[in-house]
1. Listing W202, W19, W96 from the residue with the fewest other Cβ atoms within 10 Å to the one with the most, what is the order?
2. Could you give the radius of gyration (one decimal) and Dmax (whole number) of the Cα atoms in the range 306-393, in Å?
3. For I510, what is the net charge nearby, where nearby means another residue's Cβ is under 15 Å from its Cβ and Lys, Arg count +1, Asp, Glu -1?
4. According to a simple spin-label model (label point 7 Å from Cα along Cα-to-Cβ), what is the distance in nm between A123 and D419?
5. Working out 0.36 nm times the residue gap between D371 and M568, then minus their Cα-Cα distance, what length gain in nm do you get to one decimal?
6. Report, in debye and to the nearest 20, how large the dipole of the range 353-585 comes out about its Cα centre when Lys and Arg carry +1 and Asp and Glu carry -1 on their Cβ.
7. Contour minus end-to-end for D332 and A31, with contour as 0.36 nm per residue of separation and end-to-end as the Cα-Cα distance?
8. Can you pick out the pairs among K204/K334; K506/K537; K350/K392; K451/K489; K392/K418 whose Cα atoms lie more than 19 Å from each other?
Amino acid sequence: MLKVRHAQRAFEDLRPYLWPLVVLLIVSLLAIPMTLVFPLPIKLLVDSVLGSQPLPGYLTFFVGSQLSKTIALWLAISILMAAAVLTYLQNLVNVWYSNKIGNRMTLDVRTRLFRQMQRLSIAYHDTMGAADSAYRTLNDAPMLRSFGIDSLIPLTTSILTLGAMILVMVFLDWQLALIALLVSPMMFLLTFVFRPRIRAGWRKFRASESAAMAVAQESLGASRLVKSYGQEERKNTELVSHYDASLSASLKVQVDSAIYSLLVGILTAAGLAAVLYIGIGHVQAGLLTLGSLLVVNYYVTQLYGPLRNVGQSILDIQMSLTGVERYRAVLDEKPDVPESPIARPLVRAKGKIEFRNVSFEYAKDHPVLHDISFEVPSGNRLGVVGPTGSGKTTLSTLLLRLFDPTEGVITLDNIDLKDYKLADLRNQYAVVHQETVLFSTSVAENVRFAKPNATMDEAIAAATAAKAHDFITSLPNGYDTLVGERGMKLSGGERQRISLARAFLKDAPILILDEPTSSLDVHTESAILDTIQELMKGRTTMMIAHRPTTLRDCNMILVLEEGRVSRMTSEVDSVISDMQTVSVQT
């Protein structure tokens, strides 16, 4: 029942391409008359040119019955040439059109997948991993094309070709047709025996390939850590283990397919031998001409081709449905943070933030926040402090609505965050994280990430405000300098300044600073804090910090302990003094 459901889902995905697929099917079916005509010149040559048989009745209708052997020879050659040229033309059109439709289908599925993956929650990606998502986008998305164009169309064409050949063979010699068809049930039995084995093998292969990609991506992404601990060989062993599993699964599929082909070949040979044995008897008895026997022999050979293709297409469909099943699993995922169908737009918020009895847990029965309540009036600067694991960063993720509270309400300008359009809500924030993430493009593109339509002058102005312009212009290609993967060609302070330049460029009413200086040295921190002070002006700010110096420009302090509000005060100096005392004692 589950397999039927996956096939139904695959047909649903094919529905937008119904008419192009119908056209492609018609183009594919044009090969059938050429296939049927192809052996006709052999019959003419053997019966009417080398022999003395008259032309078949269906030809005399077009050319008459009184033809010399020379004209019959040229007629045979003309039919052969015309069939060959038309066959290649049909194949050319078929290849062009199938690839045109197939490429569009793959692109559409990849677009849907990537859009869906961006809509899904951080928790989903933390669980599944980026490598698995990448594998499904790159390797599973093309399986809709494989199902619809590379399997379903050939399957339909093969069935109709099979039917046409059977009709012609019955017309020529019904007994030979019956003998040739006796092997068909056994071929289909083999197909349905091997189908579940091959599908299970493809499923294991894809899961192992995805796991191997995850190991490779994580190891290369954390190459500094891996090298620092000398764990290259262990990671290599993990990679080899996953690839070994995928290769074993692939080998099993290939062996099963080869065994299937061997058994089909034996059946084909047996059927062909039986037809030849009985057909020669019919020729000797005068029931069949030698030319007709050769035509029947050709059709039998070609008949088993469509039979094999039907079986192979059914097996290929198993591989395709495995991929469709995997990418459909992503498309069926429901976002943890859904947008209300009547969500209201938000152009620019005033910036008043309120948490009302908010509790939250990432995993069931493992609460992170307990009954959090506080208010930040518009334009105020809130410092959030507390021990590691007390829930500081969780507050910012809830404010960004990367997650929704388990209990309670968070409001912006007295309106529940859930009532805003998600894109509009997140456009109200400029975020500077402790670990700055840069993309492997130019400096300018990284600055403009917050505002893609910004002009170069605006990007330079933002970089100047973030005190990043001087070091950027000293780079080999200035703003066009490529920063490398994750910005690793730049120092930590330089990456942080580019992050601050993004925030200046976005000019959002609310600023979230998640320990923006904790990984910097004291000198760099002091310079960055001066820039942050400039950035905070006129904006509602949430500053998450461990260092007392980071809180110097805040006018409100929220102290968290074990996920609860321990203290909410405007006595910033007192809190800073307490933090400094604890730091000295430590």
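No value in this document is a laboratory result; all are computed from the given coordinates. Bear in mind the structure is a predicted one, so any value in this text is a computation, not a measurement. Cβ coordinates were reconstructed from backbone atoms using ideal geometry, including for glycine residues, and neighbour counts include every protein chain displayed.
1. In order of increasing Cβ crowding within 10 Å: W19, W96, W202.
2. Radius of gyration, then largest Cα-Cα span, for the range 306-393: 24.8, 76 Å.
3. Working: positive: R348, K350, K352, R381, R401, R426, R502, K506, K537, R539; negative: E354, E375, D413, D424, D507, D514.
The answer is +4.
4. Calculated label separation equals 2.5 nm.
5. 69.5 nm
6. Its charge dipole is roughly 360 debye.
7. Between D332 and A31, full extension yields 104.5 nm more.
8. Values: K204/K334 25 Å; K506/K537 14 Å; K350/K392 23 Å; K451/K489 23 Å; K392/K418 21 Å.
From the list (K204/K334; K506/K537; K350/K392; K451/K489; K392/K418), the Cα-Cα distance tops 19 Å for K204/K334; K350/K392; K451/K489; K392/K418.
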